[in-house]
């Protein structure tokens, strides 16, 4: 047998099995790298959306009925008010100014669990501060003179009465927009807010003996609620009823006529309020 014949009879070289294993390992590493990148991008986007654009809350109580019902899910616009401010009639979510809600129970969870929950809250996967938020309708803007009530039970803003019948929920036999009279001038950088279920709402009227005298600092406002997302049967945009407030002049431009039948300033201290809801809203994790 010649040398050429011997060489041609030798088997062809086979792929190196170690090299194939390395390729499979690198494939898994690339896959894991891509998964980590996708997760990090999703977390970053969630954080930015929650912090600057929109948040989701649900309604656990009835003081905004019938505009908002218990267990409604809503979206809150955070970005528009940063540029355009707020208007009367808008529905806003805000942090408790102090004393509006009962004290939160002490967190007895282990420190590590609290830390994890705090980290998750940064990206919208948890909502440890949701019990500190409330939702109400704006009635008075900074500088507004808000009085309840005139001779026919209407609230007046800057001496102009408003007809709230399009959204107000009153007990049977009641016609006055509030059972608690008040006469206030809204401070700068604050709001005067009321619940639509007026006789069952612990709002600005009810909290005049709390820090801030019942006013909500603008810095406490998270944003304006604009959409009901759940249940689907109630899906739709929230109505701010601009026609109700269309005739109200800007603060300082009110006319000479005042709301008849109003009581002295500070008279609405919450007496005779009965059972009321403080209307917290709880944040929907993942928003």
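The values are calculated or read from the model by the stated rules, or taken from the named source; none is laboratory data. Computed from a prediction, not measured in an experiment: that's the story for all the values here. Heads up, the Cβs are rebuilt from the backbone with ideal geometry, glycines too, and the neighbour counts pull from every protein chain shown.
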Quick check on the range 55-75: of everything there that is surrounded by fewer than 17 Cβ atoms within 10 Å (Cβ to Cβ) and touching a strand residue (DSSP E or B) at 6+ places or on another chain (Cβ under 7 Å), which residue is nearest to residue 137 (Cα to Cα)? 66
From 214, 259, residue being modelled with pLDDT under 55 and surrounded by 17 or more Cβ atoms within 10 Å (Cβ to Cβ): 259
Could you count how many residues in the range 40-75 are assigned to a loop (DSSP other than H, G, I, E, B) and modelled with pLDDT of 85 or more? 14
On the given criteria, is residue 220 within 20 Å of residue 99 (Cα to Cα) and assigned by TED's automatic domain parsing to the domain that holds residue 67? yes
Can you tell me which residue is farthest from the chain's Cα centre (by Cα) among those in the range 76-99 that are crowded, with 21+ Cβ neighbours inside 10 Å and outside any loop (DSSP other than H, G, I, E, B)? 91
Against the definition (part of a loop (DSSP other than H, G, I, E, B), surrounded by fewer than 20 Cβ atoms within 10 Å (Cβ to Cβ) and either at pLDDT 70 or above or touching a helix residue (DSSP H, G or I) at 6+ places or on another chain (Cβ under 7 Å) (or both)), how does residue 103 come out, yes or no? yes
